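Student: Quick one: structure below, then a few questions.
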Amino acid sequence: MPHLPPLFDSSTPPRFANLRGYLFKKKTMVTTTHKHELRDALSKSFDTFIETFSIFEENAVNQIPFAGSWTPSQVVVHIIMATDGVPDVNTSPAHRSYDANVEKIRPWWEDLNRKFKSPEPLQPDDQPRSKKILLEELHRTYAKDLSIVEKADLSAVCLDFELPSVGYLTRYEWLWFIEMHLKRHQYQLANMLKVVLR
């Protein structure tokens, strides 16, 4: 039998059995504070991304601002695909802290000038897009992700996609991944905007 703290050793009276289960379960439950922090950060990142894209004129959203760049509309299509919920059709209970991987993910996004190759399924095509429709889709994904924060079990592990070099993430971790992803591409849009507004 694994070593347990004194309160939970093999001599624990039966009347404490439910308490034991509750306390162990409690360790994997998302705190109200963490939930509010996630909601506020996600809202701020979506708002800032949407505000930045909204500044582009209709005739600029499908134009390449500089060599080797996506168009603003391609950035938005990529974000819509990447933030449209989390891969949680199949889930399992967490047997670890629900936020254990957040700090493993964060360094990926801290250097905003670092280049990444987008996975094939998230690469945008080169079709021109309507700014109005893209904004509508952004607001849809925004609302969808906030609904997950408010209504879903954020501690559940999502089994439909395994993040390379990290593993399966909880809903809580995926939503922080989305928040960081939004920040990175908002920075990309802001750099495009500097060129467009010259």
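Student: Rank-order 126-135, 71-80, 99-108 by packing density, defined as the average count of other C-beta atoms within 10 Å over each peptide's residues, highest first. It would help to have the intermediate numbers written out before the result.
Tutor: Values: 126-135: 13.3, 71-80: 21.9, 99-108: 15.0.
Listed from highest to lowest mean packing, they are 71-80, 99-108, 126-135.
Student: Relative to the first principal axis of the alpha-carbon coordinates of the chain, what is the inclination of helix 171-196, with its axis defined by its Cα atoms, in degrees from 0 to 90 and to the nearest 10?
Tutor: Tilt of helix 171-196: around 20 degrees.
Student: How far, in degrees from 0 to 90, does helix 131-151 lean away from the longest principal axis of the Cα atoms of the chain, to the nearest 10?
Tutor: 10 degrees
Student: Can I ask one more? Counting each DSSP H run of 4 or more residues in the chain as -39500 (n - 2.57), what helix-only mean residue ellipticity at 222 nm follows after dividing by all residues, to the nearest 500 deg cm²/dmol?
Tutor: -17500 deg cm²/dmol
Student: Follow-up question, since we're still on this one. Stokes-Einstein at 4 °C, 1.567 mPa s, Kirkwood radius from Cα pairs: D for the chain in µm² s⁻¹? Display every interim value, and only then the final one.
Tutor: Working: Rh = 18.9 Å.
Answer from the Stokes-Einstein relation: 69 µm²/s.
Student: Could you rank the peptides 86-92, 165-171, 109-115 by their average count of other C-beta atoms within 10 Å per residue, with the highest value first?
Tutor: 165-171, 86-92, 109-115
Student: How much net charge surrounds Val157 when only other residues with a Cβ under 14 Å from its Cβ are counted (Lys, Arg +1; Asp, Glu -1)?
Tutor: For residues surrounding Val157, the net value is -4.
Student: Are any of the pairs Lys115/Lys151; Lys104/Lys194; Lys44/Lys194 more than 30 Å apart by Cα-Cα distance, and if so, which? Before the final figure, lay out each step's value.
Tutor: Values: Lys115/Lys151 34 Å; Lys104/Lys194 32 Å; Lys44/Lys194 21 Å.
Beyond 30 Å: Lys115/Lys151; Lys104/Lys194.
No lab work stands behind these numbers, since they all come straight from the coordinates. Everything numeric here is computed off the predicted structure, so don't read it as measured data. Cβ sites come from the backbone with ideal geometry, for glycine too, and all protein chains shown count toward neighbours.
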